[in-house]
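The values are calculated or read from the model by the stated rules, or taken from the named source; none is laboratory data. Computed from a prediction, not measured in an experiment: that's the story for all the values here. Virtual Cβ from ideal backbone geometry, glycine too; neighbours counted across all protein chains shown.
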Amino acid sequence: MASSSRLRQNFFRLLGLPFTVMPPEIDETPKGGAGPRQAAEDLAMRKIMAVVKKNEELGMRNEKASPSFPRWVFGADTIVVLEGDMLGKPENRDAAKKMLGCLSGRRHEVITAMALYNAPEKKADCRSVTCEVNFAPLSPAEIEWYLETGEWQGAAGGYQIQSLGGCLVKSISGSPSAVAGLPLHDFYAMLRDNGYRFGA
């Protein structure tokens, strides 16, 4: 797994998938000129390819199907989009406060891109899912309350819907797990389409 996300790790455990965490060492700044979906997919691809390259540099040659090289490498990226502006992970508390203030009482999109590298076949599959989230109006006191939870740290848009951040969300159009960072149905379909057999 080309990710250090504890939530995505929990989703893997939920599905009974064995995994090893190998965080990618890349600059996660979206490329200039890229649209939100393109930016999310590009980051997901860059994450898996960084891990593939790292493994190859360590001498684990995937074309030999070495047991030390993972059969699959998975990476994902989630981007929050408000009226065309991409909101990533807030750098600090003030940035998170600003994001939450902007999201308050408004609709925004959440795009989660997934990339899966099939090592023996040396092929990559990349897909993305878009959901619409409707935030409830938030008072300054509510924003401060949420900031105190610390959930904004490392979360696109400054909130985590799977935790107390769910209190801030009025409604969702689309997959709740996609907003949380991994669209389970689409991830399941991606694995199945790439040769992983559940229940085998």
>> I'd like to know if the range 109-117 contains one or more residues that are without any contact (Cβ under 8 Å) to a residue 12 or more places away in the chain and out of contact with any Ser or Thr (no Cβ under 6 Å at 6 or more places or on another chain).
In response: no
Per the filter on the range 16-41, residues part of a helix (DSSP H, G or I) and without any contact (Cβ under 8 Å) to a residue 24 or more places away in the chain are Gln38
When the range 78-98 is checked residue by residue, the ones that are under 20 Å from Ala44 (Cα atoms) and assigned to a strand (DSSP E or B) are Thr78, Ile79, Val80, Val81, Asp85, Met86, Leu87
Among helices (runs of 4 or more DSSP H) completely within the range 99-200, the ones holding 3 or more residues that are surrounded by fewer than 21 Cβ atoms within 10 Å (Cβ to Cβ), over 18 Å from the mean Cα position of the chain (by Cα) and modelled with pLDDT of 95 or more are 140-149
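Do we find that Asp85 is among the acidic types (Asp, Glu), closer than 25 Å to Leu17 by Cα and either surrounded by fewer than 22 Cβ atoms within 10 Å (Cβ to Cβ) or free of Cβ contacts under 8 Å to residues at least 60 places away in the same chain (or both) in this structure?
No: the conditions fail for Asp85.
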Flagged pairs (Cβ under 8 angstrom, 6 or more apart or on separate chains; first in the range 159-177, in contact (Cβ under 8 Å) with a residue 40 or more places away in the chain; second among the acidic types (Asp, Glu) and buried (at least 16 other Cβ atoms within 10 Å of the Cβ)) are Tyr159/Glu151; Gln160/Glu151; Ser175/Asp186
Per the list (1) under 25 Å from Arg93 (Cβ atoms); (2) free of Cβ contacts under 8 Å to residues at least 40 places away in the same chain; (3) touching a Gly at 6+ places or on another chain (Cβ under 9 Å), residue check on Tyr146 breaks on (2)
Across the range 6-42, the tally of residues that are at pLDDT below 85 and buried (at least 17 other Cβ atoms within 10 Å of the Cβ) stands at 1
Contact list, first residue from the range 2-15 and touching a residue at least 40 places away in the same chain (Cβ under 8 Å) and under 17 Å from Val179 (Cα atoms), second anywhere and surrounded by fewer than 21 Cβ atoms within 10 Å (Cβ to Cβ) and not β-branched (Val, Ile, Thr), beta-carbon distance below 7 Å, six or more apart or interchain, is Ser3/Pro23; Leu7/Gln162; Phe11/Leu184
